[in-house]
1. So, in the range 26-59, exactly how many residues are in a helix (DSSP H, G or I) and open to solvent by 50 Å² or more (accessible area, probe 1.4 Å)?
2. Which one of these is in contact with a strand residue (DSSP E or B) (Cβ under 7 Å, 6 or more places away or on another chain), assigned to a helix (DSSP H, G or I), within 22 Å of Asp151 (Cα to Cα) and among the hydrophobic types (A, V, I, L, M, F, W, C): Leu84, Leu20, Leu95?
3. For the range 8-25, does any single residue satisfy the condition of being under 17 Å from the mean Cα position of the chain (by Cα), surrounded by fewer than 21 Cβ atoms within 10 Å (Cβ to Cβ) and farther than 23 Å from Pro100 by Cα?
Amino acid sequence: MKSMAFDDAARALVETGRRLDARGWAPATAGNYSVRLDDGSFAVTVSGWHKGRLTPAGIMRIDGKGRAIGQNKPSAETALHLALYRLFPDVQAVLHGHSPEAVGLSRAAEGQSEWVFRGHEMLKAFPGNATHEAEIRLPIVENSQDMAVIDAAIAPRLLEPGAAPAYLIRSHGLYAWGKDLDEAERVLEATEWLIAAELAELGFRRAWKQ
Ligand SMILES: [Zn+2]
């Protein structure tokens, strides 16, 4: 897979931030994004930047251990991005958002460790899946301020058959990834769409029963 140089990655992440913020998935500086670079380091969003108002100055480089290259401070969740890059050597981009729908579903699914999508045409947006006649499982992990705790709980479940290239942190947000930034954005959009469609369906079913 083609890796990117820092300047190209920074420009692409600025554009990604504008689009994800426009969808309401990056409120109040929430979310963080990263790209694996061609020298083995990573481009990540700087802590505290509003993702709809990013400039290349809001993107920084870190090494494979998460140490800053330069003066800036990376997002607190950078460790979760690096854990995904270690787990999946082909992954080149990771996106994380805090949409109200993703967070709402994770809370409504209290006590559940996953949400299963079945029968949706949109399942074909996931890499390697060519049919709606599939079952794709979105793992849900409990939130923690200790990234090592989240990583230890979620990593084995991401390797299980049928797991989406995405997961939910309860009451927090959604992670998605791909073999390049476009694929990561497609997975994020597809997962957000599936969550919104299922929440709408649950609302209609409840209304019609009354
Ligand atoms: Zn977050």
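The values are calculated or read from the model by the stated rules, or taken from the named source; none is laboratory data. Just so it is clear, the model here is predicted, and its values are computed rather than measured. Note: ideal-geometry Cβ built from the backbone for every residue, glycine included; neighbour counts use all protein chains shown. The protein model used for the area step is the full one, side chains on, heavy atoms only, and it has no ligands, DNA or RNA in it. Shrake-Rupley method; radii C 1.70, N 1.55, O 1.52, S 1.80 Å.
1. 6
2. Leu84
3. yes
Yes or no, residue by residue, for (1) aliphatic (A, V, I, L, M); (2) loosely packed, with under 13 Cβ neighbours inside 10 Å; (3) away from the ligand (no atom under 16 Å from the Cβ):
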| residue | (1), (2), (3) |
| --- | --- |
| Asp63 | no, no, yes |
| Val94 | yes, no, no |
| Gly97 | no, no, no |
| Gly104 | no, no, no |
| Asn129 | no, no, yes |
